[in-house]
Amino acid sequence: MDVKLQGINKSFGNVSILEDVNLLFPSRKFVTLLGPSGCGKTTLLRMIAGLEEVSAGTILFGGREVNKLAPRDRNIAMVFQSYALYPQMTVRRNLGYGLRVRKTPPAEIDDAVERVARILEIDHLLDRKPAQLSGGQRQRVALGRAMVRKPDIFLMDEPLSNLDAKLRVTMRGELRRFHLDLNATTVYVTHDQLEAMTMSDLIAVMHKGRVQQFGTPEDVYSRPANLFVAGFIGSPPMNFLDGAIDLGRFKVREAALPLPPLASGVAPGLDAVIGVRPQDLSLVDTAGSDALTGKVSLVELLGSEKLIEVQVSDRKRISVQVHAATQVALGEKVHVRFSAQSTHVFDKRTEQSLLAEAAIGEARQ
């Protein structure tokens, strides 16, 4: 079942939380609401669930307006950051609780619980209580309690945030598999871009109550619509340099760096910002108009790669990601080469992309 948000606004008194959100989550897709704390992503999820009222706009499930429906009438299931398990109940009773509330026949409850427990590989834990489980096992029980209901829409609010780093990696893959097993539309909230990039079919990047970009993981990574998306997506983060566009090149200090094709109507001399990811830069032996010169200020070994910080001016450092075998020393003079095809260009005033392909990655609303 698809989920459509039309003109959604949310305010608490005079404080605006969400402004003009228009999104379509296609049926059976895994969609992530991604953004920093305070961007409105959890509030938006709670409105889809019916736990928060909509100040303005319409929420539709499969073309049917659900603004006035209570959460229990929306056929959704929700997993929160906290596991919210009943400590006095066994795993079996926690899993079947929602079905018992709906007066489902006991035999159907038993079948559903056993089926979901096998999928989640917790069938050997059914007679334990939450206090006897690890964090990962409790998370599986919370997921299972939602799965037994066979919801049309599965909502998850940062469900992995309480797990350790190794278990988070494992659970990312399992959540994706659970989504495919559920055959439901999944809306997932996180501030972790790695979770969003590895699990999602579509990502809505949010900031200050607005959707900045909506597209596939490749869209938001390769064709960021604005400076915020470019800086928020990607690790290590993108490098940014201020300068001006002049005769198809980017003038910054002594260099005239190459640029990709720009959108029509970009004025000569326009103040702009370019962004380049560390892995798209290279170190070269000689200076040139397509390179910036600086001194190595930091070297970090990242396993098979090294991250090198280069001081290119009194106040500016840029990061370059190179192979671990690359030998550089602190204080060494190096030349950092830029390539046109790897450069992103943004209007300094509006912060919007100036690339000729910018429309490809813009919000699909």
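Quick note: the coordinates plus some simple rules give every number you see, no bench work behind them. These numbers were taken from a predicted model, which means no experiment stands behind them. Counting neighbours? That spans all protein chains shown, and the Cβs are built from the backbone with ideal geometry, glycine included.
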Rounded, prolate or oblate (a/c below 1.5 giving rounded, otherwise prolate when a/b exceeds b/c) for the range 129-186 by Cα gyration tensor: oblate
Cβ-Cβ FRET estimate between Gln6 and Glu351, R0 fixed at 22 Å, reported to 0.05: 0.25
Tensor-based shape of the range 48-125 (alpha-carbon gyration tensor, a/c under 1.5 rounded, otherwise prolate or oblate): prolate
Longest segment of the chain lacking GluC sites (Glu not before Pro) that sit in a DSSP loop with at most 10 other Cβ atoms within 10 Å: 54-253
Residue-count net charge about Lys316 - beta-carbon cut-off 13 Å; Lys, Arg +1, Asp, Glu -1: +1
Beta bridges per DSSP with both ends in the chain, % antiparallel, nearest 5: 75
Relative contact order computed over the range 200-358 (Cα-Cα under 8 Å; 6+ residues apart), in percent: 24
Glu65-Ala287 pseudo-label distance in nm [points 7 Å out on the Cα-to-Cβ vector]: 6.7
Label point distance in nm, Glu19-Thr198, each placed 7 Å from Cα along Cα→Cβ: 3.5
Anchor Lys4: lysines whose Cα lies under 17 Å away (excluding residues fewer than 8 positions away in-chain): Lys29, Lys41, Lys68
Helical contribution to [θ] at 222 nm, DSSP H n ≥ 4, -39,500 (n - 2.57), averaged over the chain, rounded to 500: -7000 deg cm²/dmol
Rounded, prolate or oblate (a/c below 1.5 giving rounded, otherwise prolate when a/b exceeds b/c) for the range 237-356 by Cα gyration tensor: prolate
Coarse-grained scattering of the range 3-227 at q = 0.10, 0.11, 0.12 Å⁻¹, given as base-10 log I(q)/I(0) from a Debye sum over alpha-carbon atoms: -0.46, -0.55, -0.65
Efficiency of FRET between Arg115 and Ser235 - r from beta-carbon atoms, R0 41 angstrom, step 0.05: 0.60
Dmax and Rg, reported as Rg then Dmax, of the range 109-267 (C-alpha, Å): 21.9, 73
Sequence-separation-based contact order of the chain, relative, with Cα cut under 8 Å and 6+ spacing, percent: 16
